[in-house]
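Below is one structure, written out as structure tokens, with a few remarks after it.
The values are calculated or read from the model by the stated rules, or taken from the named source; none is laboratory data. Everything numeric here is computed off the predicted structure, so don't read it as measured data. FYI the Cβ positions are ideal-geometry reconstructions off the backbone, even for glycines, and counts take in every protein chain you see. We work out accessible area using only protein heavy atoms, side chains counted, and drop any ligands, DNA or RNA first. Shrake-Rupley method; radii C 1.70, N 1.55, O 1.52, S 1.80 Å.
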Amino acid sequence: MLNITELPLRVLPSRASDRLLQPLWDYLLFHHMPLISSPFFIVILAFSSYLIFSVPFAVLDLLGERVPLFHQYKIQPERQPTMGMMVKSFLTALYNHIFFVLPAVSIGMFILPTPALPQDAPTIHELFVDALASLLLFDTQYYIWHYIHHKQPLLYRWIHAVHHEYMAPFSWSTEQLSIPELMAVGFWSNLDPLLLKCHPLTIWCMTVFSIWMSVEDHIGYDLPWTLNHVVPFGLLGGAPAHDMHHQKPSSNFAPFFSHWDRIFGTAVTLKKKKL
């Protein structure tokens, strides 16, 4: 987990540059230093993003056919999540964060190095390139991990099966994970940006964006305006690919992008229903 030490109390004004994000970064440094310098900030950011992004789709699931504008895009309309299923998934995520994530961060405060917050903001180009590199690296790591855990019955049963409790995923099930899987995902998602020397602002933006992509993968709706439709050439799998993975677990192992599944022949396309 990223630990950040506090800057000196007196921070010099940033020099004029092409860094369009500098005013935002200066504002965070001057007005929210105690918050953004806390090692718990990234946990709060990630979990609150999961909450905020999941709620609208949970409401859609509970309303069901009463909102035909959205329900027509439901991938598995015959498998509608119940309130009980949603509560169980949310409580699993909450339990994992309280009893494992927060203690892990607390321990990390004493054993991990504490880099200082830089005075300069990243450029837009740096933020985009570094975030994309981190997402691609994580996508590769998780593809390998995911593939192995589906091919080894013991690993699947004791580690990954928790996430496959439901054949039709829904937004709250995004973080229904076993502790070993949560730790593996957390380890890579926090280590990769550090290895790539990403700016803290880049890490935070990427965290929010990756949580959105994860939730969107699990919503169970093939909405025409989701990222997998917006990004061209089918580069992202999105909800159709991950929903297909829950229906046919030997397919679509990558969490975000589609290239590894295409290369290794594990891509399976969801058959579109006629609206």
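Brief remarks follow.
- Meets criteria (part of a helix (DSSP H, G or I) and open to solvent by 50 Å² or more (accessible area, probe 1.4 Å)) for residue 150: no
- So residue 113, is it open to solvent by 50 Å² or more (accessible area, probe 1.4 Å), in a loop (DSSP other than H, G, I, E, B) and of a type outside the set (Val, Ile, Thr): yes
- Some residue of the stretch 199-220 being surrounded by fewer than 19 Cβ atoms within 10 Å (Cβ to Cβ) and on the phi > 0 side of the Ramachandran plot: no
- Looking only at residues in the stretch 21-68 that are hydroxyl-bearing (Ser, Thr, Tyr) and over 22 Å from residue 93 (Cβ atoms), the one that is least open to solvent (accessible area, probe 1.4 Å) is 37.
- Scanning the stretch 226-275 for residues that are of a type in the set (Phe, Trp, Tyr), surrounded by fewer than 13 Cβ atoms within 10 Å (Cβ to Cβ) and modelled with pLDDT of 95 or more yields a count of 1.
- The set of residues in the stretch 128-148 that are among the acidic types (Asp, Glu) and in contact with a Cys (Cβ under 7 Å, 6 or more places away or on another chain) contains only 130.
- Set 136, 132, 94, 127: member being over 23 Å from residue 218 (Cα atoms), within 18 Å of the chain's Cα centre (by Cα) and either surrounded by fewer than 14 Cβ atoms within 10 Å (Cβ to Cβ) or at pLDDT 95 or above (or both): 127
- Residue check for residue 113: closer than 24 Å to residue 184 by Cβ, more than 23 Å from the chain's Cα centre (by Cα) and at pLDDT below 95: yes
- Hey, residue 72 open to solvent by 50 Å² or more (accessible area, probe 1.4 Å), closer than 18 Å to residue 168 by Cα and in contact with a strand residue (DSSP E or B) (Cβ under 9 Å, 6 or more places away or on another chain) or not: no
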